[in-house]
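Worksheet: one structure, shown below.
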């Protein structure tokens, strides 16, 4: 049994595949157009793979329909991958396609912290000032989560992890 460190990272990858397979992905803009898409959870310190899940379209075991409706497909993937780490005060780094305020609140309730970029058009995102001067940032805090908008239109979602953010710097 591997005991993961304090920080884990969720990522997705593509595995080149030329054979026949029912859950192969067609990606017209990639160099190898037919790939197997998968989601991974890795320990940040040791780079050990903790959880792995191939994306198999309708046959995937990614959350329930209620979870997908509330957190989206990306949030369901994160919750499925980290289900064995919930309640252990771990810190999860998440890609921008998978983060959102609702997911950050759910992870916070489960005593798990998150850090990640978030898209401005994501569901439940607060309205923020459109233009910022160079070097400025705008913050929004509510219910234990912190969202920062940086000058280059990047949104950072910090799920109650100010101490974690200071450790990462």
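The values are calculated or read from the model by the stated rules, or taken from the named source; none is laboratory data. Here the structure is a predicted model, which means the values were calculated and not measured. For neighbour counting, all protein chains shown are included, and Cβ atoms are generated from backbone atoms with ideal geometry for every residue, glycine included.
Does segment 79-103 hold any residues that are buried (at least 20 other Cβ atoms within 10 Å of the Cβ) and over 19 Å from residue 3 (Cα atoms), and which are they?
94, 98, 99, 100, 101, 103
Restricting to segment 122-169, count the residues that are at pLDDT 70 or above and in contact with a helix residue (DSSP H, G or I) (Cβ under 9 Å, 6 or more places away or on another chain).
Here the count works out to 11.
Looking at segment 102-115, I want the residues that are in contact (Cβ under 8 Å) with a residue 12 or more places away in the chain and on the phi > 0 side of the Ramachandran plot and have a partner that is surrounded by fewer than 17 Cβ atoms within 10 Å (Cβ to Cβ) and not in a helix (DSSP H, G or I) with Cβ atoms under 6 Å, at least 6 apart or on another chain. Which pairs are those?
Cβ pairs passing all conditions: 111/87; 111/89.
Given the conditions (1) surrounded by 13 or more Cβ atoms within 10 Å (Cβ to Cβ); (2) closer than 30 Å to residue 3 by Cβ, report the number of the one that residue 150 does not fulfil.
Tallying (1) surrounded by 13 or more Cβ atoms within 10 Å (Cβ to Cβ); (2) closer than 30 Å to residue 3 by Cβ, residue 150 fails exactly one: (2).
Quick check on segment 114-121. Is at least one of its residues modelled with pLDDT under 80, part of a loop (DSSP other than H, G, I, E, B) and closer than 30 Å to residue 47 by Cβ?
Yes.
Being surrounded by 15 or more Cβ atoms within 10 Å (Cβ to Cβ) and either closer than 14 Å to residue 98 by Cβ or out of contact with any strand residue (DSSP E or B) (no Cβ under 9 Å at 6 or more places or on another chain) (or both) is the filter here, so list the residues in segment 120-146 that pass it.
Selection gives 122 alone.
Conditions first: (1) surrounded by 14 or more Cβ atoms within 10 Å (Cβ to Cβ); (2) out of contact with any helix residue (DSSP H, G or I) (no Cβ under 8 Å at 6 or more places or on another chain); (3) without any contact (Cβ under 8 Å) to a residue 24 or more places away in the chain. Residue 62 passes all but one, so which condition is the exception?
Of the numbered conditions (1) surrounded by 14 or more Cβ atoms within 10 Å (Cβ to Cβ); (2) out of contact with any helix residue (DSSP H, G or I) (no Cβ under 8 Å at 6 or more places or on another chain); (3) without any contact (Cβ under 8 Å) to a residue 24 or more places away in the chain, the odd one out for residue 62 is (2).
Taking the condition of being under 19 Å from residue 106 (Cα atoms) and not in a strand (DSSP E or B), how many residues in segment 130-149 meet it?
Number of matching residues: 2.
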